[in-house]
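Novice: Input: one structure, supplied below.
Throughout, read-outs are computed from the coordinates displayed, never taken from laboratory work. Note that the coordinates shown come from a computational prediction; the quantities given were computed from them, not determined experimentally. Using ideal geometry, Cβ is built from the backbone for each residue, glycine included, and neighbour counts are taken over all protein chains shown.
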Amino acid sequence: MEPEILRTARLELSAPRESDVAAIHAECQDGAIQRFTTVPSPYLPADAETFVELTRTWWAEGSEATWAIRLEGRLVGMVGLAKLSSGGPEIGYWVSSSVRGQGLATEAVRAVVGWGFAAERPAVQRIEWRAVVGNAGSARVAQTVGFRYEGLLRQAGANSLGRSDMWVGGLLRSDDRDPQPWPVL
């Protein structure tokens with residue numbers, strides 16, 4: 001599968017490239033990104049280089065679609081769908097602390113959900129969202145896009161900082177995309 005570029009009102013979503021390595025490395029020094037995602041901690045320049053290389057492999061295999069979120073040409077985050085061949089991929093995202101609260105993650109996630117549920121991907125019937133308990137920012141994005149809160153997965157998350165409980169939500173192809181009530185928000 002070839003990488004696709006998605007555009008929204010303010011953003012361009014495109015495949016990460018070698019010129020993004022320094023920005024990815026810098027952004028992944030953020031304690032919240034390290035706590036709430038699966039990036040290594042400490043996050044080294046080599047980790048960013050490896051990540052960019054892996055995204056090319058994932059696109060080529062069709063196993064994962066990963067986009068750099070760009071605002072006015074500047075990398076401000078990442079968004080992707082993992083486990084694409086499962087028919088129920090998992091969405092993941094992070095945005096730079098410099099742009100949090102501006103609705104950019106919501107805009108990017110809406111675009112990726114639309115891509116995932118496009119007619120040319122009929123096998124995708126569900127997109128799953130997971131976040132470390134306490135990641136209210138990620139939960140607000142998912143809620144706003146229409147994901148339904150489905151529960152708590154005890155100790156289901158693991159990253160270099162340890163294990164954590166996870167919130168889980170889902171969005172079906174047939175669901176409306178209106179914001180949903182969530183008991184954890």
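Novice: Sort 56-63, 137-144 by packing, meaning the average of other beta carbons within 10 Å per residue, with the highest value first.
Specialist: Ranking, from highest mean packing down: 137-144, 56-63.
Novice: Say R0 is 41 Å: what FRET efficiency, to the nearest 0.05, do L161 and E120 get from their beta-carbon distance?
Specialist: 0.60
Novice: Inverting the mean 1/r over all pairs of different Cα atoms, compute the Kirkwood radius of the stretch 6-172 and quote it in Å.
Specialist: Mean inverse Cα-Cα distance, inverted, gives 16.1 Å.
Novice: Charges only on Cβ, +1 for Lys and Arg, -1 for Asp and Glu: so what's the dipole of the stretch 6-172 about the Cα centre, in debye to the nearest 20?
Specialist: Using only the charged Cβ atoms, the result is roughly 520 debye.
Novice: Moving to a separate point now. Could you pull the Rg and Dmax for the stretch 112-165, using just the Cα atoms, both in Å?
Specialist: Radius of gyration, then largest Cα-Cα span, for the stretch 112-165: 13.5, 39 Å.
Novice: What list of whole percents do you get for P(r) of the stretch 76-144, with Cα-Cα distances grouped in 10 Å bins up to the one holding the largest distance?
Specialist: 20, 52, 24, 4
Novice: Along the charge dipole of the stretch 17-77, Cβ charges K/R +1 and D/E -1, which of V52, Q34, A22 sits furthest on the positive end?
Specialist: Q34
Novice: How long is the gain from V99 to R154 if the chain were fully straight, where each residue apart is worth 0.36 nm and the alpha carbon distance is subtracted?
Specialist: Using 0.36 nm per residue and subtracting the Cα-Cα distance, I get 16.7 nm.
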